[in-house]
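**Student:** First the structure, which I've put down as structure tokens, then a few questions once you've had a look.
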Amino acid sequence: MPRFLPLFLAVLLTLPARADEPLAVKIANTEIKIPLPAGMVDVPPEDAKEVNDLTPTDCELLRACVEADALDRTKPHDPTANFMDACVYSLKDVHEDVYSGDFIDFVGRVSNDAVHGVLRSATSSFDFEETQKRLDAFQKDTGIAMQPDGALYSLGMVSRSGGCVSFMTAHYVTVVQDGKSTREKCLTVEGYLLLNNKVVVVLTTLQGPTLLNSDILPLKHAAEKFQIALQEING
């Protein structure tokens, strides 16, 4: 299962918004509908390369969204602003149907991992080499260099049910753009949903240089609202 951060917001500040409509995608032969998260718009097709650079090789990106305010060209760019995005993925090696009993077992395993403090560190089995290759590709396409800075910490469970399990993580990243280095914090709600007997991964991320404890609750609420919308639209 992926544990990573979609860090492409810096290249999206001058792009137009798109219409609010559910996107129908297929996982194997099953259709899944993905609505836009509240207050967000799609990442435009011309930026698909940059977004896919950050998609793990074992996942397929189904929809990538960013909050609409980040694309408001009537406002000057604020380098101190925080931005939220949401991405939905399928797992390439899990296209067969997953039934409730197996998913409930999976929920238990994920929950057990999430209640422990560190999900990823330099001594873990996480594939840092594959991650760095993706970050290098992103830098080649955008000119923006990123480097994970420290461990990925679990901030605990967000939701747990027979059809959804999610938890929040915190992670630092160093971003170098136009020769200027900035250390930013990333808060992510990592969710796994069982939709029409298919598992989808939903990452809702808030990133920026000024994240405070007061930003945790709005991120949690945004992620939960999106998870509920996904479940409702897929019956």
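The values are calculated or read from the model by the stated rules, or taken from the named source; none is laboratory data. None of these values were measured; they are calculated from a predicted model. Heads up, the Cβs are rebuilt from the backbone with ideal geometry, glycines too, and the neighbour counts pull from every protein chain shown.
**Student:** Would you check if Lys180 is without any contact (Cβ under 8 Å) to a residue 12 or more places away in the chain and surrounded by fewer than 17 Cβ atoms within 10 Å (Cβ to Cβ)?
**Tutor:** Against the criterion (without any contact (Cβ under 8 Å) to a residue 12 or more places away in the chain and surrounded by fewer than 17 Cβ atoms within 10 Å (Cβ to Cβ)), Lys180 qualifies.
**Student:** So is Ser166 at pLDDT 90 or above, closer than 20 Å to Met84 by Cα and buried (at least 20 other Cβ atoms within 10 Å of the Cβ) or not?
**Tutor:** yes
**Student:** Additional query: I'd like to check something: does region 178-196 contain any residue that is touching a His at 6+ places or on another chain (Cβ under 8 Å) and either polar (S, T, N, Q) or over 27 Å from Asp78 (Cβ atoms) (or both)?
**Tutor:** The answer is yes, given that some residue of region 178-196 is touching a His at 6+ places or on another chain (Cβ under 8 Å) and either polar (S, T, N, Q) or over 27 Å from Asp78 (Cβ atoms) (or both).
**Student:** If we keep just the residues of region 47-95 that are in contact with a Gly (Cβ under 9 Å, 6 or more places away or on another chain) and in a loop (DSSP other than H, G, I, E, B), which is surrounded by the fewest Cβ atoms within 10 Å (Cβ to Cβ)?
**Tutor:** Residue satisfying both the conditions and the ranking: Thr80.
**Student:** Please give the number of the condition Gln207 fails out of (1) in a strand (DSSP E or B); (2) under 20 Å from Met84 (Cα atoms); (3) of a type outside the set (Ser, Thr, Tyr); (4) at pLDDT 95 or above.
**Tutor:** With (1) in a strand (DSSP E or B); (2) under 20 Å from Met84 (Cα atoms); (3) of a type outside the set (Ser, Thr, Tyr); (4) at pLDDT 95 or above applied to Gln207, the lone miss is (4).
**Student:** Looking at region 58-81, I want the residues that are modelled with pLDDT under 75 and have a partner that is in a strand (DSSP E or B) with Cβ atoms under 7 Å, at least 6 apart or on another chain. Which pairs are those?
**Tutor:** Qualifying pairs under 7 Å: Ala70/Phe83; Leu71/Val41.
**Student:** Give me the residue from region 174-203 that is part of a loop (DSSP other than H, G, I, E, B) and not small (Gly, Ala, Ser) and, out of that set, farthest from Ser100 (Cα to Cα).
**Tutor:** So the residue we want is Asp178.
**Student:** Ok, one more. State whether the residues of region 188-198 include one that is farther than 22 Å from Glu60 by Cα and among the acidic types (Asp, Glu).
**Tutor:** no
**Student:** Let me ask something else about it. Please count how many residues of region 109-154 are not in a helix (DSSP H, G or I) and not β-branched (Val, Ile, Thr).
**Tutor:** Within region 109-154, residues that are not in a helix (DSSP H, G or I) and not β-branched (Val, Ile, Thr) number 21.
**Student:** I would also like to ask the following. Quick check: anything in region 186-198 small (Gly, Ala, Ser), surrounded by fewer than 16 Cβ atoms within 10 Å (Cβ to Cβ) and out of contact with any Pro (no Cβ under 9 Å at 6 or more places or on another chain)?
**Tutor:** No: zero hits.
**Student:** A further question follows. Taking the criterion of being in contact with a Ser or Thr (Cβ under 6 Å, 6 or more places away or on another chain), of a type outside the set (Lys, Arg) and at pLDDT 90 or above, would at least one residue in region 114-121 satisfy it?
**Tutor:** yes
**Student:** Can you tell me which residue is modelled with the lowest pLDDT among those in region 29-54 that are under 19 Å from Gln231 (Cα atoms) and out of contact with any strand residue (DSSP E or B) (no Cβ under 7 Å at 6 or more places or on another chain)?
**Tutor:** By that ranking, first place goes to Asn29.
**Student:** In region 17-46, what count of residues is obtained for those that are outside any strand (DSSP E or B) and hydrophobic (A, V, I, L, M, F, W, C)?
**Tutor:** Counting residues in region 17-46 that are outside any strand (DSSP E or B) and hydrophobic (A, V, I, L, M, F, W, C) gives 6.
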